[in-house]
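The values are calculated or read from the model by the stated rules, or taken from the named source; none is laboratory data. Worth saying up front: this structure is predicted, and the values here are computed from it rather than measured. Using ideal geometry, Cβ is built from the backbone for each residue, glycine included, and neighbour counts are taken over all protein chains shown.
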Amino acid sequence: MASSNNNTSAISRFFNGKSVFITGATGFIGKQIIEKLLRSCPGIDNIYILIRSKRGAHVHERVQQLCSLALFDKVRLLTPNFKSKIIPIIGDLTKANLDLTNEDEQTLIEHCHIIINSGASIRFHEPLKQSIKANVYSVQNIINLCKKMKQLQSFVHISTAYIHCYRTDMTEVIYPMNDNPNTLLESLEYFDDQMFNHLSERLAKQYPNNYAYTKSLAEYLLLKQGNNLPIAIVRPSIVGAAWKEPIPGWIDSYTGVTSIIAAIGKRLIRVAFTSPTVDLPIIPVDVVANMTVAVAWITATNNNLLSTPTVYNCCTGKNIKTYLTVEDFFRILATETTAIGFENYSIIGPSVTTITNKPYYCFRYYTDEVVPAYMMDIIAYLTFKKPKMVKLQEKISYLKLSLEYFAQNQWIFANQNSQLLQSQMNDFDRQEFSFNLTELNWPSYIRNYCIGIKKYLLKEDLQQSSIKKSSKYSFIKAKKIRHLLSILFFFAVTWLMRQTFLRRLRIIWRTLNLIIRSYLQQDKKKIICSLN
C-alpha cells in the first residue's frame with residue numbers, strides 16, 4: 001500500500017537495512033537492478049550476488065570489472081565506497097544447492113531479506129538438458145533456499161512475457177502445463193543430452209524454442225512448490241537499451257533486438273520476413289529494473305503469502321498501447337541511424353523492406369544480402385584483406401531465423417497488476433521507480449539506443465555531423481549511384497544466369513548426342529551381324 005508521505009520514497013525506506021540476494025548479477029538486467037538499488041535505495045545494507053569464475057577471471061576480478069562500468073558513474077559520485085556493499089557469493093545456478101558453501105548458505109539464511117532471480121540461459125536453441133538446468137533446476141534450488149531463510153520477505157522471479165506464446169492473449173496468470181517439471185528434473189540424472197533432444201520434439205512442440213518452454217516450466221514449478229512463500233513474477237517483453245537512467249541508451253550485450261538494430265545500422269539487413277503492422281513490444285531495461293524493485297517492495301509490504309504467485313507483465317497493455325509497429329520502427333531507425341552517422345558509407349541507405357511472401361523474401365534476401373556479402377569478400381580477397389562478410393551474414397541469417405516466429409505473430413499483453421502496482425505507489429515513487437511508458441518518445445529513444453550501441457558495443461566515435469555534411473545534391477547523387485549499381489548488378493546476374501543456362505543446355509545436348517550416337521552404333525553392329 002502507498003505511503004501517506006508523497007514527498008519521500010516508501011520503497012527506499014523499505015530497503016533501509018535490508019540485504020538482497022541477486023542471481024544473474026552480471027547479466028544485462030541484473031546489472032541494472034544492482035545500480036538502481038545502490039542509487040535509489042542508499043540505505044540498503046548488502047547486495048549479495050551469485051557469481052563464479054569465468055574465462056580465467058577470478059570472482060573478485062569480475063566484481064571489480066562490474067563496479068568499474070560506466071553504468072555506475074552516478075553511484076560512484078553519490079557513494080564512492082559502494083563496492084563494499086556488493087558481496088560475491090561463489091556458486092552456480094545449474095548445480096545442486098546453487099553449489100554454495102555451508103558458510104555462504106548460512107549467511108543468506110540468517111541475513112538475507114529479498115531474493116531477485118534474474119539468472120537464466122537466454123539462448124533460444126540451447127540443448128534441452130542444459131536449458132532445463134539453467135532455467136528450471138536453478139529455480140528449484142532457489143525455492144529450497146527460500147524455505148530455509150529466516151527473514152525472507154519477497155522473492156521476485158524474472159521470466160518473459162512470451163511464456164506461453166502459443167496463445168494470442170497473455171494474461172497475468174500462470175497457465176497449467178501437461179508436463180511435470182519434477183519428473184523432468186529427476187530425469188536429469190539418468191538421461192543424456194541425446195535423449196533430451198529427442199524428447200524436446202514432443203515436449204516443446206507448442207513452443208518456438210527451448211527457452212520459452214523451460215521458462216514456462218519454471219513458472220509452473222513456482223506454482224507447484226512455492227506455497228506459503230512471498231513470490232512474485234515479472235514478465236518483461238523484448239528488453240532493450242536504457243531509456244532514462246542512469247545513462248540513456250546504455251547497453252552491454254548483443255541480445256535480441258540489439259543485434260538487429262546494429263545490423264540494420266551497418267546496412268547488413270535489407271529485407272525482413274514480417275508484416276509491417278506487427279507490433280514490436282520493446283521495453284527499456286531501466287523500466288524492467290524499476291518494476292522489479294517496486295514488485296519486491298509491494299510483495300513484502302502486502303505480506304504476499306498467497307497460494308499462487310502474483311504475475312506482473314512488464315509491457316504496455318491493450319488499454320495503454322505505446323508499441324511501435326515494425327514499419328514505424330524501421331522508418332525511425334533509418335532516420336536516426338543516418339542522423340548519428342551510424343555507418344560511414346552514404347551510398348547505401350539504411351532502409352529495410354518488409355515482405356510477407358516467403359518465396360519473394362528468399363529471392364530478395366539472396367539478391368540484397370547474400371550476393372553482396374560474397375561480392376564484398378571477393379573484393380577483400382583481391383585487396384589482400386581478411387574476408388568476413390559471408391560469415392557475418394550467416395550469423396545474421398541465423399538470428400533472423402530465430403526471431404522469425406516473433407516477427408510473424410501478434411500478441412496482446414494484459415497489465416492490470418502492473419497498473420494496480422502503480423496506484424499503490426506514492427507520487428515520489430511513481431517518478432523515482434517509473435515504469436509508465438506513455439511518456440516514451442520513440443525517435444529519441446531509438447537515437448540514444450543507436451548511440452549506445454556505437455559507444456558501448458562497437459566502441460566507435462560518434463559522427464553527429466553526418467546529416468550536416470549530406471546535402472540534397474549529395475543524397476540525389478548517392479541515389480543515382482545506387483540505381484546505377486542496381487542496373488549493373490541486374491545485368492551481371494542476368495549474364496551469369498544466361499551463361500549458366502547455356503552451359504546446362506550444352507551439357508544436355510552433349511549427353512543426348514552421346515546417347516543417340518551410342519544407340520545408333522549398337523544398331524549398326526546388329527545390322528552387320530545379321531548380314532554376316
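Which of the following residues is under 23 Å from residue 158 (Cα atoms), touching a Cys at 6+ places or on another chain (Cβ under 9 Å), in the same structural domain as residue 430 (by TED's automatic domain parsing) and aliphatic (A, V, I, L, M): 109, 51, 47, 86?
Working: 109 fails: touching a Cys at 6+ places or on another chain (Cβ under 9 Å); 51 fails: touching a Cys at 6+ places or on another chain (Cβ under 9 Å); 47 fails: touching a Cys at 6+ places or on another chain (Cβ under 9 Å).
From the options 109, 51, 47, 86, the qualifying one is 86.
Is at least one residue of the range 76-89 within 30 Å of residue 453 (Cβ to Cβ), aliphatic (A, V, I, L, M), surrounded by fewer than 19 Cβ atoms within 10 Å (Cβ to Cβ) and modelled with pLDDT of 90 or more?
Yes: one or more hits.
Could you tell me whether any residue of the range 249-263 is surrounded by fewer than 24 Cβ atoms within 10 Å (Cβ to Cβ), on the phi > 0 side of the Ramachandran plot and among the small types (Gly, Ala, Ser)?
yes
Could you tell me whether the range 439-461 includes any residue that is surrounded by fewer than 20 Cβ atoms within 10 Å (Cβ to Cβ), among the hydroxyl-bearing types (Ser, Thr, Tyr) and touching a Ser or Thr at 6+ places or on another chain (Cβ under 8 Å)?
No, that holds for no residue.
Pick out the one residue from 293, 234, 287, 239 that is crowded, with 22+ Cβ neighbours inside 10 Å and either assigned to a loop (DSSP other than H, G, I, E, B) or in contact with a Ser or Thr (Cβ under 7 Å, 6 or more places away or on another chain) (or both). Walk me through how you get there before you give the answer.
Numbers: 293 fails: either assigned to a loop (DSSP other than H, G, I, E, B) or in contact with a Ser or Thr (Cβ under 7 Å, 6 or more places away or on another chain) (or both); 287 fails: either assigned to a loop (DSSP other than H, G, I, E, B) or in contact with a Ser or Thr (Cβ under 7 Å, 6 or more places away or on another chain) (or both); 239 fails: either assigned to a loop (DSSP other than H, G, I, E, B) or in contact with a Ser or Thr (Cβ under 7 Å, 6 or more places away or on another chain) (or both).
After applying the criteria, what remains is 234.
Since residue 307 meets every condition but one in (1) assigned to a helix (DSSP H, G or I); (2) modelled with pLDDT under 85, which condition does it not meet?
(1)
Given the structure, is residue 177 under 24 Å from residue 23 (Cβ atoms) and of a type in the set (A, V, I, L, M, F, W, C)? Write out each step before concluding.
Working: under 24 Å from residue 23 (Cβ atoms): yes; of a type in the set (A, V, I, L, M, F, W, C): yes.
In short, yes.
Under the condition of being over 22 Å from the mean Cα position of the chain (by Cα) and surrounded by fewer than 17 Cβ atoms within 10 Å (Cβ to Cβ), which residue from the range 310-337 is modelled with the lowest pLDDT?
Going residue by residue through the range 310-337, those that are over 22 Å from the mean Cα position of the chain (by Cα) are 310, 318-320, 335.
Next cut, surrounded by fewer than 17 Cβ atoms within 10 Å (Cβ to Cβ) only: 318-320, 335.
Details: 318: 55, 319: 52, 320: 55, 335: 84.
In this case the residue turns out to be 319.
Checking the structure you have, find out if any residue of the range 353-367 is under 21 Å from residue 258 (Cβ atoms) and modelled with pLDDT under 85. First the steps, then the outcome.
From the range 353-367, those under 21 Å from residue 258 (Cβ atoms) are 354; that's our starting set.
Now restrict to residues that are modelled with pLDDT under 85: none.
No, every residue in the range 353-367 fails to be under 21 Å from residue 258 (Cβ atoms) and modelled with pLDDT under 85.
Residues 191, 155: which one is among the aromatic types (Phe, Trp, Tyr) and at pLDDT below 85? Outline the logic, then answer.
On the way: 155 fails: at pLDDT below 85.
After ruling out the rest, the residue left standing is 191.
Out of curiosity, is residue 102 over 24 Å from residue 135 (Cα atoms) and either surrounded by fewer than 19 Cβ atoms within 10 Å (Cβ to Cβ) or not assigned by TED's automatic domain parsing to the domain that holds residue 185 (or both)? Don't jump to the end; show me each part of the working.
Values: over 24 Å from residue 135 (Cα atoms): no; either surrounded by fewer than 19 Cβ atoms within 10 Å (Cβ to Cβ) or not assigned by TED's automatic domain parsing to the domain that holds residue 185 (or both): yes.
Here the answer is no, as residue 102 does not meet what is asked.
Residues that are free of Cβ contacts under 8 Å to residues at least 60 places away in the same chain and among the aliphatic types (A, V, I, L, M): find the helices (runs of 4 or more DSSP H) completely inside the range 353-472 holding 1 or more of those. Break it down into steps so the answer makes sense when it comes.
Working: elements: 358-365, 371-382, 389-408, 416-424, 427-432, 442-452, 466-469.
Output list reads 371-382, 389-408, 416-424.
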